[in-house]
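Report on the following structure.
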Amino acid sequence: MSAVISAQNLNLVFETGDGPVQALKDVNLTIEKGDFVSFIGPSGCGKTTFLRVIAGLETPTSGEITVNGMTPDAARRARAYGYVFQAAGLYPWRTIGANVRLPLEIMGFPKTEQDLRVQRVLDLVELGGFEKKYPWQLSGGMQQRASIARALAFDADILLMDEPFGALDEIVRDRLNEEVLSLWARTGKTIGFVTHSIPEAVYLSTKIVVMSPRPGRITDVIESPLPRHRPLEIRDSPEFIEIAHRVREGLRAGHVE
Amino acid sequence: MSAVISAQNLNLVFETGDGPVQALKDVNLTIEKGDFVSFIGPSGCGKTTFLRVIAGLETPTSGEITVNGMTPDAARRARAYGYVFQAAGLYPWRTIGANVRLPLEIMGFPKTEQDLRVQRVLDLVELGGFEKKYPWQLSGGMQQRASIARALAFDADILLMDEPFGALDEIVRDRLNEEVLSLWARTGKTIGFVTHSIPEAVYLSTKIVVMSPRPGRITDVIESPLPRHRPLEIRDSPEFIEIAHRVREGLRAGHVE
Amino acid sequence: MMLTILAFVIWAAAWALNVRLARLPQRWVRLAVPLIFGATLLVVWELLVRGAGVSAVILPPPSAIASTFVRVFPTLWQDTVQTVFKGALSGYVIGCAAAFCVALLADRFDVLRRGLLPVGSFLSALPIVGTAPIFVMWFGFGWQSKAAVVVAMVFFPLLVNTVAGLRDTTVQQRDLMFTYAASYWETLFKLRLPAALPFIFNGLKVSTTLALIGAIVAEFFGSPTQGLGFRIDASRGRLALDVVWSAILMSAFAGSLFYGAVALLERALTFWHPSQRK
Amino acid sequence: QDALTLQLKWVTQAQFAGYYVALEKGYYSDENLDVTILPGGPDVAPPQVLAGGGADVMVDWLASALAVREGGLPVVNIAQPFASSGLLLTCWKDAGFTGPQDFKGHTLGVWFGGNEYPFLSWMSRENIPVDGGADGVTILRQGFNVDPLIQRQADCISTMTYNEYGQVLDAGVTADELTNFSFEAEGVATLEDGLYVLEDRLTDEAFADKLVRFVRASMKGWKYAEENPTEAAEIVLEFDETGAQTEAHQIYMMGEIAKLTAGSNGALDPAAFDRTVEVLMAPGSDPVITKVPEDAWTHMITDRALD
Amino acid sequence: MTRSQNIVRNVLSVLTVVAAMLLIWTAAVIPMNIHEALTQAEREGIAVTPATAAERRGSSALSLVLANPALIPLTYAQPRPKLPSPAQVVLEFYDSAIAEELDGRRGLVRSGSLSPAGLALHTLKTIETTLLGFALGAVVGVALAVGIVYARTMDLAVMPWAIISQTIPIVALAPMIVLILSSLGVTGLVPRAIIAAYLSFFPVLVGMVKGLRAPDHMQLDLMRTYSATKAQSFWMLRLPMAMPYLFASLKIAIAGALVGAIVSELSTSSTQGLGARMLQGSYYGQTVQIWAALLAAALLAAVMVAVVGAADRVVRRMMGGLA
Ligand SMILES: Nc1ncnc2c1ncn2[C@@H]1O[C@H](COP(=O)(O)OP(=O)(O)OP(=O)(O)O)[C@@H](O)[C@H]1O
Ligand SMILES: Nc1ncnc2c1ncn2[C@@H]1O[C@H](COP(=O)(O)OP(=O)(O)OP(=O)(O)O)[C@@H](O)[C@H]1O
Ligand SMILES: Cc1ncc(C[n+]2csc(CCO)c2C)c(N)n1
Ligand SMILES: [Mg+2]
Ligand SMILES: [Mg+2]
């Protein structure tokens, strides 16, 4: 296995009106190809910031980071990843189909190829037949699936997801978690996933990164012993509860307010 | 024990542009003094609506409901309850102190009494020293605590809370859950609590009301066997997981998308 | 020709300087850049007018306007008192106060709100060129008719904004008051008025410029021998364009000050609104 | 045809009948001229239009032209179709004015924008301050109509015999309710409605020749209008694009205008010019012009036009 | 409450308010015109109390009405009323907008072209100026907004001056604009349109800046993750996002353009247009004519705002909106 993302001694300081805020401090992390890595930690610990650094949306103050062996910015220009934001953020003036097509238009895919891919990813997230609908005609869960389809459409190897299911209710969330897992299993993509929910992190990941705030640093990296295939019921198993417990302890230790 | 809130065959139909929506159907429920009742169910099942009916903010289409033996509207005028909304909803032009003082001003408490009470409830939610700050200067969790303080300030016997912690991260949420529990234990108030989170409902309640949508009805009422005193660790106990499982099953049964 | 070329060179140089400055984070940049831009406009104007030999009865150079402005300032001050303080300001205060009261009524009585707002937007479209002579006929040629024109101009923008503002509370904010069983007046003073302030100030700001326009236009249709509108007309008859431009400058000063004062008040009273923070 | 633009002092009305008649009757095209007539208005200063090149010739009052000339725009009178002044101060009879000294303490309406000079000179000669004090008069800057008099906002307003005075009568006021002070009778008349061009352009022979033809045709128009007032009024009405003029009023106006143009062949009467200068330089605090204007008129055009 | 019930209530409310206003107006005609009416009666030899204009000057309108109740009808039939009655205004509106074209000597029917004495021609002329000014203002406003959103220098340098420009009363500036343009050889429609544009560009500028900045960080970042070009994120994100803001400000802008068009007719000695018409009405004390032109202008404003509103709805629907 090869390191898809590798960060060494990463620091990021935001200059703000009230003085500098250290959002990331001495972050070291390696993500291998095919990993499903969850980032968990209290609000403001730098989860989003770290994901954005990987995506080239934020520049670290010091330290090294490579994505697919290049700088994050080069990776961004090479369209190396798909990014899913916390809210679905579909453009309301575009139909679901047109929303998914957006990155393809921007990247200049030929028209027929666009049609094909839109069809394929919509089917993948079980939204086939909804491409003519507008976002407000879909439920929150369906919108979130559409936004995942949008990130998948151009088939980047890396998928970065920032609390994609934060706004959904628990039942819908469970369902989407299952779907993300099966998608990951089918495509073998490398996934970075930010969440607030301990069960979600444990259920999904091969690797759980626990972070603590002020300054934002990694306090624990937990390799999950759970099998790759995970029915929902696995959440009631002792191993699951054991990992969840460890995550919670790690969180509590780092938590200050 | 005596029934503080009692609903019989409650129905509520909203007339909308697309026709009527049955938000509550044949709801029967009795809440005793000192109960901590959680309402859980998928989005749109009528949790908020039911809480609003109790508060006299919504009028049922048919059926009977009494609060403290009177109609909800009379109870409202008698200032029988404090209501905590999903969002903190502090008035941004008032300081934290002035926000908490608001109901006291309206209810005509004497000035010195106001000062005293504001101080007391702010200390209660650990916001002593923040009364001069404006809401936007506080974190989300602190704002939510302030809004709870506001509902507590005039010391009504009933506390109605509609997803008060929905917007907070899991750790802060855990802490506030503990605080609400200890507050409840100390004051003996009757609490109605809406949530989306199964662990939260199980952790807090003496009684869990599971609801299902379209039309919104009560599908299960679970009396919790957990002791009144609940450390956070109780969530890893088999009884807890057992109840959580029952709630999840109840939810899944009623869930349609 | 040389001067004309120089004008373009200076324009380009100043713009380049501003582009540089704009990249700096310091606070004074926010002041310096527009000032440099304004100064450039004046220099370019001066050079173009001189370079092309434009007659002073068409467009005087800024330097001439500046010296005239200083010379005739006492007269212009009298004119400003007449037009701005007596005409515009009194009309502004009366109009805004009236609009505010009617807005409270319209807010209270549904018929008024539904009925008055559409009719109001229709009436506010009545062009001042038509209404001004009518008001001069009704209220005489003194400042009273100017104030009346101003009242008519500022009334509806403020009414519409205030009514919209009073309704701009969230369901939750209103429900909160309801759970306290708060009275109408308590809800008004503790919730709806504070919440309406940003809207009210929008209306107040728009109205400042309308007030000035109104007062000056109305002077066209009859005035005492004082006032900015009068000065502009009388001086133009003598081709004293430097005085005309000085009067325009004066009204721009007055207008900017007026607007700035309202904006400052807005900042002080709606400091809590997201648009005022940061 | 040679193009030439004429800027009027006021809106299309019989005050300018001569020019419209000349246009309609083809007198201009007979002289091989293509004349454009620009109506004026409250916001139009004819000298400015002249200076800006928007017109070749303007109609203006001599008082205004001399003030402008002293102010630095060298305009020259080339012809003077109006021989006498039609300016009046029209007062309510019940105000009891017998002479200018009675005005003290009262409100009088005056036009500004270059039309105020005759009145100011008159007051200056009478030693009446115009600053609104108790021993002076309060000036109301009159709008465009006679409302201030009708509404009693002023005891007197400025009127022209041919226009506003008629409007006062049209409003139902009878002549015996009014007292008129005529500037002619008071000895403070100034020359009105002359034709002016920029001085430096007169040296251009081609332009001078155009002016000769223009003045000749215009005077022909004036004489025709004097003799056929009804037809002239109707011609003016045809040119009125606003549609606001009434036939009756224009016929009335043409009748009065004819009295003012009568006795002028177009050439400026130097004596009348000197009298105007004298009025404008009247002793007082603020004379309209401070030195006797030189070369402010020329017979060069009229001499050639009328021979 | 359903949609149609809501509409019915709105209409009823408007009718109530309009009826109340007409009632007040009609009542006000009496005291407003009583002085003139009595003077007219006196001239015609009808006995009035007090008998002479001089005696009546000091009396209040109300006392005159009470003293001469029989002469009240006269107040509704004044040829030059201080306040015309609603009926007079409507009649004049009908006469000059419709009857003039049908029966007038210079009307459409007899002369084949719109009559200068009618309202239609003047309204068209004003529409012409308004639309051109509106188009000009909208284009300039949008262009400046794009510059301001994309170039910080523009934002810092231009925005304060744009605000100051609106504190200069256009009526003072208008003659200067006309003059300068005419000395450059530009006359006629263009200077008028520029004056109209002066009042309409600002709302567009403000609205468009707001609209183009409406995309939140997330939406902009989405574009960055696609490494979209500036042009792509303009056309695919900022512009669609700005549409609701644009239309809201276009409604204000077209009303502003109308005001500007009418003011411009003052400054250019226009002989045609509603502003020219009102001015002419005021030269000759034709109050009723002014009121009829006012009515036409207000109707025109209502129609133009409604047209922009309709365009708004069409665009909204095309962009997948609800309404
Ligand atoms: N653009 C910025 N400018 C200044 N400070 C910032 C900025 N973005 C983030 N921060 C600060 O950096 C820290 C880390 O923020 P970040 O958004 O990464 O946290 P997070 O872990 O994603 O939190 P949450 O769970 O609330 O989303 C916080 O203290 C935040 O206030
Ligand atoms: N004012 C209203 N008018 C019309 N329908 C309404 C209204 N309020 C709620 N509803 C409908 O009633 C149903 C119940 O709504 P309610 O807000 O009680 O759900 P909830 O259980 O609180 O959902 P959530 O978890 O999303 O807050 C929903 O279908 C909702 O669309
Ligand atoms: C602002 C302004 N007001 C009045 C006049 C007066 N005026 C000059 S000539 C003339 C003809 C008679 O109607 C009139 C009324 C003007 N020129 N400009
Ligand atoms: Mg985050
Ligand atoms: Mg709810």
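The values are calculated or read from the model by the stated rules, or taken from the named source; none is laboratory data. All of these numbers come straight from a predicted model, not from anything done at the bench. So basically every Cβ, Gly included, is an ideal-geometry build from the backbone, and we count neighbours across all protein chains shown. Areas reflect the complete protein model, heavy atoms only, side chains present, ligands, DNA and RNA absent. Shrake-Rupley method; radii C 1.70, N 1.55, O 1.52, S 1.80 Å.
Below are the figures for this structure:
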| item | result |
| --- | --- |
| Filter pass, D:VAL44 being more than 9 Å from every other protein chain (Cβ to nearest Cβ) and under 15 Å from the mean Cα position of the chain (by Cα) | no |
| Restricting segment E:3-33 to residues that are touching a Ser or Thr at 6+ places or on another chain (Cβ under 9 Å) and more than 14 Å from chain C (Cβ to nearest Cβ), the residue that is most open to solvent (accessible area, probe 1.4 Å) | E:THR26 |
| Single residue of B:VAL202, B:VAL172, B:VAL247, B:VAL180 found to be within 16 Å of ligand 4 (Cβ to nearest atom) and either of a type in the set (Lys, Arg) or part of a helix (DSSP H, G or I) (or both) | B:VAL172 |
| Residue, farthest from the chain's Cα centre (by Cα), within segment C:181-208, restricted to residues that are facing another protein chain (nearest Cβ under 7 Å) and open to solvent by 30 Å² or more (accessible area, probe 1.4 Å) | C:GLU186 |
| Failed criterion for C:PRO224 (all others in (1) crowded, with 20+ Cβ neighbours inside 10 Å; (2) in contact with a Leu (Cβ under 7 Å, 6 or more places away or on another chain); (3) in contact (Cβ under 8 Å) with a residue 40 or more places away in the chain hold) | (1) |
| Hits in segment C:147-180 (condition: open to solvent by less than 20 Å² (accessible area, probe 1.4 Å), touching a residue at least 60 places away in the same chain (Cβ under 8 Å) and in contact with a Leu (Cβ under 9 Å, 6 or more places away or on another chain)) | C:ALA147, C:VAL150, C:VAL154, C:LEU158, C:LEU159, C:THR162, C:VAL163, C:LEU166 |
| Matching strands (runs of 3 or more DSSP E) fully within segment D:130-227 where at least 2 residues are open to solvent by 10 Å² or more (accessible area, probe 1.4 Å), within 16 Å of ligand 3 (Cβ to nearest atom) and at pLDDT 90 or above | D:178-182 |
| Qualifying residue in segment D:292-306 (condition: assigned to a helix (DSSP H, G or I) and over 20 Å from D:LEU202 (Cβ atoms)) | no |
| Conditions (1) touching a helix residue (DSSP H, G or I) at 6+ places or on another chain (Cβ under 8 Å); (2) free of Cβ contacts under 8 Å to residues at least 40 places away in the same chain; number of the one not met by D:MET160 | (2) |
| Test for B:LEU122: is it more than 12 Å from every other protein chain (Cβ to nearest Cβ) and over 17 Å from B:GLN86 (Cα atoms) | yes |
| Test: B:THR195 is within 21 Å of the chain's Cα centre (by Cα), polar (S, T, N, Q) and more than 16 Å from ligand 5 (Cβ to nearest atom) | no |
| Test result for B:PHE14, over 16 Å from the mean Cα position of the chain (by Cα), within 16 Å of ligand 5 (Cβ to nearest atom) and among the aromatic types (Phe, Trp, Tyr) | yes |
| Check on E:PHE247, touching an Asp or Glu at 6+ places or on another chain (Cβ under 6 Å), more than 14 Å from chain C (Cβ to nearest Cβ) and part of a helix (DSSP H, G or I) | yes |
| Candidates E:ILE177, E:ILE195, filtered to the one that is open to solvent by 20 Å² or more (accessible area, probe 1.4 Å) and either more than 12 Å from chain C (Cβ to nearest Cβ) or part of a helix (DSSP H, G or I) (or both) | E:ILE177 |
| Residue in segment D:237-250 that is over 30 Å from E:ALA292 (Cα atoms), free of Cβ contacts under 8 Å to residues at least 12 places away in the same chain and open to solvent by 20 Å² or more (accessible area, probe 1.4 Å) present | no |
| So E:MET236, is it more than 14 Å from chain D (Cβ to nearest Cβ), in a helix (DSSP H, G or I), modelled with pLDDT of 90 or more and open to solvent by 10 Å² or more (accessible area, probe 1.4 Å) | yes |
| Residues (open to solvent by 80 Å² or more (accessible area, probe 1.4 Å) and among the basic types (Lys, Arg)) located in segment E:49-98 | E:ARG57 |
| Checklist (1) in contact with a Pro (Cβ under 6 Å, 6 or more places away or on another chain); (2) within 16 Å of ligand 2 (Cβ to nearest atom) applied to A:LEU168, failing item | (1) |
| Filtered residues of segment A:205-224 (kept if modelled with pLDDT of 90 or more, open to solvent by 10 Å² or more (accessible area, probe 1.4 Å) and in a loop (DSSP other than H, G, I, E, B)) | A:THR206 |
| Condition check for A:ILE208: away from ligand 3 (no atom under 16 Å from the Cβ) and either within 13 Å of chain B (Cβ to nearest Cβ) or not hydrophobic (A, V, I, L, M, F, W, C) (or both) | no |
| Hits in segment D:239-262 - residues which are more than 18 Å from the chain's Cα centre (by Cα) and either among the small types (Gly, Ala, Ser) or farther than 19 Å from E:TYR283 by Cα (or both) | D:GLY243, D:ALA244, D:ALA248 |
| Residues (modelled with pLDDT of 85 or more, exposed (fewer than 14 other Cβ atoms within 10 Å of the Cβ) and within 11 Å of chain A (Cβ to nearest Cβ)) located in segment B:239-257 | B:GLU242 |
| Any pair with Cβ under 6 angstrom, 6 or more apart, that starts in segment B:32-45 at a residue that is over 23 Å from A:LEU168 (Cα atoms) and ends at one that is more than 16 Å from ligand 3 (Cβ to nearest atom) and part of a loop (DSSP other than H, G, I, E, B) | B:GLU32/B:MET1; B:LYS33/B:MET1; B:LYS33/B:SER2; B:GLY34/B:GLY188; B:ASP35/B:THR206; B:PHE36/B:SER205; B:PHE36/B:THR206 |
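Residues checked against (1) open to solvent by 40 Å² or more (accessible area, probe 1.4 Å); (2) part of a strand (DSSP E or B):
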| site | (1), (2) |
| --- | --- |
| A:GLU64 | yes, yes |
| A:ASP73 | yes, no |
| A:ARG76 | no, no |
| A:TYR83 | no, yes |
| A:GLN86 | yes, no |
| A:LEU116 | yes, no |
| A:PHE165 | no, no |
